[in-house]
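To keep things clear, I will list the structure first and then write my remarks on it.
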Ligand SMILES: Cc1cc2nc3c(=O)[nH]c(=O)nc-3n(C[C@H](O)[C@H](O)[C@H](O)COP(=O)(O)OP(=O)(O)OC[C@H]3O[C@@H](n4cnc5c(N)ncnc54)[C@H](O)[C@@H]3O)c2cc1C
């Protein structure tokens, strides 16, 4: 491979939060062959590679990336009975729309999530009670060490709440090339989440619609409307969407930690919302932040909390350092108040 094929790029132009210095090398790979050639070149020349999708869940440092940023640009969607396979570089929401147009139910609650299809397994993307891990039937990937193709069953992906082997033990080990989903032909929409059910109950008469496809489409539209109201759809003209979506995951507490948390709440005369998650308890990160004294719209050195969503940190003219400082300030305040440690959801790009 010839290094002249590699450009350079300001990473702030490639991320939804619009942060990050320059990539020393930037390359868009349109085929698996190009990905493998790039990986081999990097390996032969001892250059770090960071794999980029749509840049909606990644934070690059202000210094940029002293290596190759490889943007996965593989395209294609294939329908095979109830299995739909999408290439990693397809835009996720376009893919969701295409499945619905082809009369498949299953992905409607995941409408409007930015980024590429290939990144969705990485953090087991989820919204409104649905996670991709429950619908995925298989993943194809390239092993970055051996350059070989590998295939994973869903059981092998280690999916859990906003996590998988691709974000955990095998972070940076694979480049996902294809993701297959089992969807339901002419199926009905899934409405599990109370907020979505309430919205539909007051805005849409699903029974009056003629068939499953129309109802699935109506649920997609409802999800998109709710998301727009929270700036959870990326929009050039909406400064509150210049984010990575939720900056923190909802903490999952072991019973003893949950008891300690509850006693702190009792002392403060607060009743936190929580959900049982197996043996553990999932606590709302947004509630913790709001009850630690932060309000929507809060700003510190140009880094802020969205006006519409307490979990989204937004770039109002700041640097990566500023956004990470704000995140640390929020984490410390929540920990001081409730003894709970918030985890950052986006990936902080590192060298490898
Ligand atoms: C406004 C907004 C709303 C959001 N709402 C949600 C939501 O409701 N639910 C949710 O779960 N997330 C949400 N997100 C987060 C984000 O959209 C998802 O995590 C998305 O899947 C990231 O895709 P991406 O292509 O942009 O990945 P990137 O940001 O480009 O990359 C994220 C990580 O995945 C890795 N990666 C990317 N592509 C590949 C590949 N092909 N193979 C291997 N690794 C890869 C990268 O190296 C990086 O570690 C939101 C983000 C924004 C900005």
Legend entry - Check on residue 127, within 13 Å of the chain's Cα centre (by Cα) and buried (at least 17 other Cβ atoms within 10 Å of the Cβ): yes
Inset, instruction - Report yes if some residue within the range 39-51 is crowded, with 23+ Cβ neighbours inside 10 Å, within 20 Å of the chain's Cα centre (by Cα) and within 13 Å of the ligand (Cβ to nearest atom); otherwise report no. - result: yes
Inset, instruction - Please indicate, with yes or no, whether at least one residue in the range 277-298 is outside the structural domain of residue 59 (by TED's automatic domain parsing), surrounded by fewer than 17 Cβ atoms within 10 Å (Cβ to Cβ), touching a residue at least 60 places away in the same chain (Cβ under 8 Å) and in contact with a strand residue (DSSP E or B) (Cβ under 7 Å, 6 or more places away or on another chain). - result: yes
Inset, instruction - Output the number of residues of the range 256-276 satisfying the condition of being assigned to a helix (DSSP H, G or I) and modelled with pLDDT under 95. - result: 0
Inset, instruction - Tell me which residues, restricted to the range 9-26, are within 14 Å of the ligand (Cβ to nearest atom), surrounded by fewer than 22 Cβ atoms within 10 Å (Cβ to Cβ) and at negative phi. - result: 9, 12, 13, 14, 16, 26
Legend entry - Within the range 203-255, tally of residues that are at pLDDT 95 or above, in a helix (DSSP H, G or I) and out of contact with any helix residue (DSSP H, G or I) (no Cβ under 8 Å at 6 or more places or on another chain): 10
Legend entry - Answer residue from the range 298-321, given it is away from the ligand (no atom under 16 Å from the Cβ) and outside any loop (DSSP other than H, G, I, E, B) and is farthest from residue 63 (Cα to Cα) among those: 299
Inset, instruction - Only one of these is in contact with a strand residue (DSSP E or B) (Cβ under 9 Å, 6 or more places away or on another chain), buried (at least 18 other Cβ atoms within 10 Å of the Cβ) and outside the structural domain of residue 123 (by TED's automatic domain parsing): 246, 140. Name it. - result: 246
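Assess whether residue 132 counts as being surrounded by 21 or more Cβ atoms within 10 Å (Cβ to Cβ), more than 8 Å from the ligand (Cβ to nearest atom), in the same structural domain as residue 105 (by TED's automatic domain parsing) and under 16 Å from the mean Cα position of the chain (by Cα).
So residue 132 fits the description; yes.
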Inset, instruction - For residue 53, indicate whether it is under 22 Å from residue 134 (Cα atoms) and not assigned by TED's automatic domain parsing to the domain that holds residue 144. - result: yes
Legend entry - Residues of the range 82-117 classified as more than 10 Å from the ligand (Cβ to nearest atom), touching a residue at least 40 places away in the same chain (Cβ under 8 Å) and under 18 Å from residue 54 (Cα atoms), total: 3
Inset, instruction - Report, by residue number, each residue of the range 158-188 that is within 22 Å of residue 280 (Cα to Cα) and under 16 Å from the mean Cα position of the chain (by Cα). - result: 159, 160, 161, 162, 163, 164, 165, 167, 168
Legend entry - Sole exception among (1) in contact with a strand residue (DSSP E or B) (Cβ under 6 Å, 6 or more places away or on another chain); (2) more than 16 Å from the ligand (Cβ to nearest atom) for residue 252, by number: (2)
Legend entry - Members of the range 332-351 that are touching a strand residue (DSSP E or B) at 6+ places or on another chain (Cβ under 8 Å) and more than 10 Å from the ligand (Cβ to nearest atom): 340, 342, 343, 344, 351
Inset, instruction - Answer with yes or no whether residue 237 is within 14 Å of residue 289 (Cβ to Cβ) and either touching a residue at least 24 places away in the same chain (Cβ under 8 Å) or within 16 Å of the ligand (Cβ to nearest atom) (or both). - result: no
Legend entry - Yes/no for residue 34 being surrounded by fewer than 21 Cβ atoms within 10 Å (Cβ to Cβ) and at pLDDT 95 or above: yes
Legend entry - Candidates 175, 200, filtered to the one that is modelled with pLDDT of 95 or more and under 30 Å from residue 348 (Cα atoms): 175
Inset, instruction - Could you tell me whether any residue of the range 160-169 is under 23 Å from residue 80 (Cα atoms), assigned to a strand (DSSP E or B), modelled with pLDDT of 95 or more and not assigned by TED's automatic domain parsing to the domain that holds residue 32? - result: no
Inset, instruction - Determine, yes or no, whether residue 137 is closer than 28 Å to residue 193 by Cα and more than 14 Å from the ligand (Cβ to nearest atom). - result: yes
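The values are calculated or read from the model by the stated rules, or taken from the named source; none is laboratory data. Remember, it's a predicted structure, so these values are computed and weren't measured experimentally. Reconstructed Cβ throughout: ideal geometry from the backbone, glycine too, with neighbour counts over all protein chains shown.
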